[in-house]
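Reviewing the structure listed below.
No value in this document is a laboratory result; all are computed from the given coordinates. The shown structure was predicted, so the numbers you read here are calculated from the model rather than taken from an experiment. Neighbour counts are summed over all protein chains in view; Cβ atoms, including those assigned to glycine, are modelled from backbone coordinates with ideal geometry.
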Amino acid sequence: MIIAAGIISAAGYFAWAQHLTLRVLNFDVELPDEERRFSLSQCWRRLFGSLVLAVLGGMLAGALFFDYDPRTISRDDARFLIFYVMTMLLLLLVIMVLAVFDFWATARHTISQQKNLLREQQEILEAELEAYRQEHPDEK
C-alpha cells in the first residue's frame with residue numbers, strides 16, 4: 001500500500017509541476033516560438049505520463065483487495081487476475097516508452113539549440129573579423 005501511495009503521490013506532484021509550467025508558458029511572451037513548442041509538447045508528454053503513473057498506482061492499490069489463494073480461486077477469477085496484472089505491466093511499459101521518447105525529444109532539442117548557438121557564435125566571429133579587416137586593410 002505504501003508503494004501505491006508513493007506512486008500516486010509522485011504522479012500528483014509531477015502533474016502539478018507540469019501544470020505550473022503550462023501556466024507560466026501561457027503568460028511568457030518573450031519565449032521564442034521553437035522553445036515554446038518544445039516546452040508545451042514536453043509538458044503534455046509528462047502530464048500524460050503522470051496520468052498513466054497514477055492509473056498504475058491505483059491499479060496497484062486495487063490489487064491489494066484481490067483474493068490470491070490458488071486453492072479457492074475460480075477459473076474466471078484467475079483469468080481476470082492475469083488480465084489485471086498484464087494490464088499493469090502494459091502500463092509500466094507505456095511509462096517506460098514515454099520516458100525514452102521524452103529523453104529522445106530532449107536530446108534532439110538540446111542538439112538543435114547547440115547548433116544554433118554555434119552558428120550564432122560563428123556569425124559573430126565572422127562579423128568581428130570583417131570589422132578588423134576593414135580597420136586594418138594593410139594586414140593579411
Assuming R0 = 41 Å, can you tell me the calculated FRET efficiency for the pair L118 and L90, based on Cβ-Cβ distance, to the nearest 0.05? 0.45
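Express in nm, to one decimal, how much length is gained between V24 and A107 on full extension, taking 0.36 nm for each residue of separation and deducting their alpha carbon distance.
27.6 nm is the gain from fully extending V24 to A107.
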In percent, what relative contact order does the chain have, based on Cα pairs under 8 Å that are 6 or more apart in sequence? 28 percent
Estimated vicinal HN-Hα couplings, Hz - the stretch 8-25 in sequence order (Karplus 6.51, -1.76, 1.60; Gly, Pro = x): 5, 5, 4, 4, x, 5, 5, 5, 5, 5, 6, 4, 5, 5, 4, 5, 5, 5
Which order do the peptides 100-112, 10-22, 42-54, 65-77 take when ranked by the mean count of other beta-carbon atoms within 10 Å per residue, highest first? 42-54, 10-22, 100-112, 65-77
Using +1 at the Cβ of each Lys and Arg and -1 at the Cβ of each Asp and Glu in the stretch 2-98, identify which of L20, A4, F66 lies farthest towards the dipole's positive end. F66
